[in-house]
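Read-outs throughout are calculated quantities, based only on the coordinates presented, and are distinct from any laboratory measurement. None of these values were measured; they are calculated from a predicted model. Glycine also receives a Cβ, built like all others from the backbone with ideal geometry; neighbour counts cover every protein chain displayed.
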Amino acid sequence: MEFIGALLGYGCGFLTGLACGVLAERRSRTPSAVPDAHDACAAALGAVAHAAQRALLQPLSGELNGVGLAGRYRPATENAVLGGDLLNVADSPYGPRVLIGDVRGHDLEAARLATLTIGCFREHAFTAPDLVQLTRSLDERLAPELDSEGFVTAVLAEFAPGEVRLVNCGHPAPLRIGARLDLLAPDEPGPPLGLQPVPCPQRFRLSANERLLLYTDGLIEALDPDGDPFPLDERVREALTRPTLDDAVEALQDLLTAHTAAPLRDDLALMLCQPGVRAPVPSVPAARGPGERTGGPS
């Protein structure tokens with residue numbers, strides 16, 4: 001369960017060092033910078049980024065207050081440093097909360113913004129009384145950091161008995177898996193974080209025999225050799241209803257690999273959730289509130 005601890009501390013742990021490293025590397029580009037210092041800073045920054053990527057590439061499997069989780073992160077290229085896809089979870093007093101998002105771009109600046117997004121989520125996820133306020137806090141924090149073309153698409157999910165509550169900020173609609181597949185799309189598309197979205201909370205039924213897939217556009221925009229996108233069809237439903245969440249996510253990735261017949265062109269993040277899942281899924285270490293230390297990678 002080391003990766004669960006790393007993920008829960010992602011925004012306030014070692015990836016905060018990545019954000020600081022990017023800022024330091026930027027400052028080192030001034031004319032007065034010493035070349036040797038610039039090289040050392042860039043090397044340190046690269047080492048932190050690769051360490052972060054190694055942690056993210058490990059599968060996530062666990063339980064958060066009665067909600068089973070299985071998550072995966074796959075970079076577009078094998079040797080890439082972190083891109084802009086992001087995942088995080090919090091065991092808030094209002095129910096388990098999940099964040100999935102996608103920062104425009106794939107470079108270290110995108111990784112910095114992903115870090116800031118997760119850090120802000122963890123700062124407010126335990127105290128914001130609802131997803132509307134949580135979304136506003138994220139938007140206010142990100143807006144000053146984005147240039148004229150920057151944005152962060154995101155879905156915030158909160159689990160309660162028999163239902164899931166969603167706020168969607170310009171992100172692909174979550175997929176409910178049961179007897180059929182249902183896209184849980186907002187009534188009207190909203191702008192991403194950083195572009196002053198008006199949070200529109202929605203509530204959807206989610207029973208113990210149903211699952212919810214949160215994903216980034218690396219799934220539905222993956223193309224086959226003929227240029228056709230990955231379809232959310234009956235094969236996907238069959239894959240995502242396998243007995244365990246981990247088996248289901250692996251089966252989905254196998255379908256995607258067969259579809260593209262080539263390396264992914266975009267980063268991909270997946271989070272499959274199911275309420276009422278307990279044994280034999282191991283427990284997620286309890287997330288702590290703001291100001292408390294969280295577990296990190298061992």
Kirkwood-based Rg to Rh ratio, the stretch 154-273, C-alpha trace: 0.97
Most to least packed among 212-219, 185-192 [average Cβ atoms within 10 Å]: 212-219, 185-192
Order by protection proxy (mean Cβ within 10 Å, highest first), peptides 130-137, 177-184: 130-137, 177-184
Derived scalar couplings ³J(HN,Hα) [the stretch 60-72; Karplus, 6.51 cos²θ - 1.76 cosθ + 1.60; whole Hz; x for Gly, Pro]: 9, 9, x, 9, 10, 6, x, 10, x, 10, 9, x, 9
Packing-based ranking, highest mean first, of 223-235, 93-105, 239-251 given that Cβ atoms within 10 Å are counted: 93-105, 239-251, 223-235
Backbone HN-Hα couplings from phi across the stretch 157-170 [Karplus 6.51/-1.76/1.60, Hz, Gly and Pro as x]: 10, 10, 9, 9, x, x, 7, 10, 9, 10, 10, 10, 10, x
GluC sites (Glu not before Pro) lying in DSSP loop within the stretch 124-163, provided at most 14 other Cβ fall within 10 Å: Glu149
Residues Ser148 and Asn209, FRET efficiency given R0 of 41 Å [Cβ-Cβ distance, rounded to 0.05]: 0.35
Extension gain (nm, one decimal) between Ala160 and Leu181, 0.36 nm per residue minus Cα-Cα: 5.5 nm
FRET efficiency estimate (nearest 0.05) - Cβ-Cβ, Asp130 to Asn65, R0 22 angstrom: 0.80
